[in-house]
Amino acid sequence: GMFYEVIQSFPRVEENAHVDSHINIHRWKRQSESLKSVDTNRASMGQDSSEPGGFTDLLLEEGHDNATQIEEDTDHNYYTSRTYGPYDATSRDLWVNIDQMEKDKVKIHGILSNTHRQAARVNLSFDFPFYGHFLREITVATGGFIYTGEVVHRMLTATQYIAPLMANFDPSVSRNSTVRYFDNGTALVVQWDHVHLQDNYNLGSFTFQATLLNDGRIIFGYKEIPVSVTQISSTNHPVKVGLSDAFVVVHRIQQIPNVRRRTIYEYHRVELQMSKITNLSAVEMIPLPTCLQFNSCGPCVTAQIGFNCSWCSKLQRCSSGFDRHRQDWVDSGCPEESKDKICEKNAEEVETPPYSTTTTPPTTTRFRVLTTTRGSTASHLPTSLPTEDDTKIALHLKDNGASTDDSAAEKKGGTLHAGLIVGILILVLIVAAAILVTVYMYHHPTSAASLFFIERRPSRWPAMKFRRGSGHPAYAEVEPVGEKEGFIVSEQC
């Protein structure tokens, strides 16, 4: 990996990043072809072009026919890639000539065009599907790639990228070098214009672009590739061509409060053949169906799209278990729930198999792991498994038949509950009536009810004498004069 400076610090950049090398077993097959060795003789150096233009500015070599050349058509599980050679008309059609676009929509990023190992966040005007997830923000880097992760850290080259040609490019070494992008509402085009390698300027300038379309397609277009990509040194910077995605897992560190460890697991990567990247070539990557596109249980568990799709009723989500929502999937107990492969609403239709799998040869896929540590400021993710009550409810729903004894017991239990509720209501009414009577008697001491209780309850009251006070006819001051049976009532009280 290589550290990058992120210009915009929102969302917060993870400063302390640690890379762990882990290799995990995975059941999917990554069918990208292995890289082939090519002649290491240096190609002729290209010249900087003062007038940027389209493909017509470059001359093709003589001695080749112009027939259609699809160099590669590979299924990568999530994408199907098609590589078009320099003599294919499709490669020209896939190139977007930014110079002919509306000038007010074409933006030249001034900082990226004059710095080395920098990245900047760019907002999209549309939802871009990437591995089945919809993105509205990306991070454009000077090194010839786009970072697609939500957690922004400094080691952007590790995973979660769209890389038409990731290398150690430095736009600051040439005045002609620019990083431009164009968004027309349905597509985003990012173009690296006349960029040079920082550690080998004499190889010449590179001009290439990446186009992201709202239907999920990704197109790599190459206008100037002065040297074979396989000859670019990866000593000071990784060299990659393809796609990558990962999921983030947050772990608590028990010894350090309020600190969490973020581990980024790369669950899939598309690696294109670097030897096919030449002048005037193009690569089109078409997204394949994923489990995330299903929003109900039935279509999810019966899908035959090459993934082991499962439905999680708690999250109301369909997944293979390996996507950006991996932590939610595990924390919510979805792997255990998905073992049944039966939708609750269709439980009575058990005789018809609700799920069928497609046979895929078992192979291994490498997981690349990037770990970061930071103070915890986010809310806690759910960590509990389905409760026992939920399990009982699920079992009850799956059992359509009930015995007579069970029905009688349920009826008896219902009668007992009804009687208990009625008794509680009667008790509450009695207490309320007593409170109301007490309040009434307190405010009406001469009423029949008050006198009734007073006459029948013997009591000893101190004998009182009254004397006038302060000249007010309605005021009387009371002083005890001794104990005597009964009451002394003053006319002025």
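Structure data summary
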{"item": "Residue 180 being of a type in the set (D, E, K, R) and more than 30 Å from residue 249 (Cβ to Cβ)", "result": "yes"}
{"item": "Residue 124 over 20 Å from residue 92 (Cα atoms), in contact (Cβ under 8 Å) with a residue 12 or more places away in the chain and either open to solvent by less than 10 Å² (accessible area, probe 1.4 Å) or under 21 Å from the mean Cα position of the chain (by Cα) (or both)", "result": "yes"}
{"item": "Test: residue in the stretch 129-143 that is outside any loop (DSSP other than H, G, I, E, B), among the acidic types (Asp, Glu) and either open to solvent by 30 Å² or more (accessible area, probe 1.4 Å) or at positive phi (or both)", "result": "yes"}
{"item": "Matching residues in the stretch 169-205 - criterion: being open to solvent by 30 Å² or more (accessible area, probe 1.4 Å), over 20 Å from residue 104 (Cα atoms) and not in a loop (DSSP other than H, G, I, E, B)", "result": "172, 173, 200, 201, 202"}
{"item": "Test result for residue 104, open to solvent by 40 Å² or more (accessible area, probe 1.4 Å) and at pLDDT 95 or above", "result": "no"}
{"item": "Search result, residues across the stretch 226-249 that are assigned to a loop (DSSP other than H, G, I, E, B) and either of a type in the set (S, T, N, Q) or free of Cβ contacts under 8 Å to residues at least 60 places away in the same chain (or both)", "result": "228, 233, 234, 235, 236"}
{"item": "Conditions (1) open to solvent by less than 30 Å² (accessible area, probe 1.4 Å); (2) not in a loop (DSSP other than H, G, I, E, B); number of the one not met by residue 216", "result": "(2)"}
{"item": "Index of the failed condition, residue 210 passing every other in (1) small (Gly, Ala, Ser); (2) touching a helix residue (DSSP H, G or I) at 6+ places or on another chain (Cβ under 6 Å); (3) more than 25 Å from residue 325 (Cα to Cα)", "result": "(2)"}
{"item": "Qualifying residue in the stretch 311-324 (condition: open to solvent by less than 20 Å² (accessible area, probe 1.4 Å), of a type in the set (Phe, Trp, Tyr) and under 24 Å from residue 264 (Cβ atoms))", "result": "no"}
{"item": "Single unsatisfied condition, residue 272 versus (1) of a type in the set (A, V, I, L, M, F, W, C); (2) in contact (Cβ under 8 Å) with a residue 40 or more places away in the chain; (3) surrounded by fewer than 23 Cβ atoms within 10 Å (Cβ to Cβ)", "result": "(3)"}
{"item": "Evaluation of residue 110 against (1) of a type in the set (Gly, Ala, Ser); (2) over 22 Å from residue 286 (Cα atoms); (3) open to solvent by less than 10 Å² (accessible area, probe 1.4 Å) (one fails), failing number", "result": "(3)"}
{"item": "Count of residues meeting criterion [of a type in the set (S, T, N, Q) and surrounded by fewer than 20 Cβ atoms within 10 Å (Cβ to Cβ)] in the stretch 78-101", "result": "4"}
{"item": "Any hit, the stretch 284-306, residues being touching a helix residue (DSSP H, G or I) at 6+ places or on another chain (Cβ under 9 Å), under 25 Å from residue 207 (Cα atoms) and open to solvent by less than 40 Å² (accessible area, probe 1.4 Å)", "result": "yes"}
{"item": "Test: residue in the stretch 237-246 that is surrounded by fewer than 20 Cβ atoms within 10 Å (Cβ to Cβ), farther than 28 Å from residue 115 by Cβ and modelled with pLDDT of 95 or more", "result": "no"}
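The values are calculated or read from the model by the stated rules, or taken from the named source; none is laboratory data. Please read all numbers here as calculations on a predicted model, not as lab measurements. For neighbour counting, all protein chains shown are included, and Cβ atoms are generated from backbone atoms with ideal geometry for every residue, glycine included. Remember, those area values only see protein heavy atoms, side chains included, never the ligands or the DNA or RNA. Shrake-Rupley method; radii C 1.70, N 1.55, O 1.52, S 1.80 Å.
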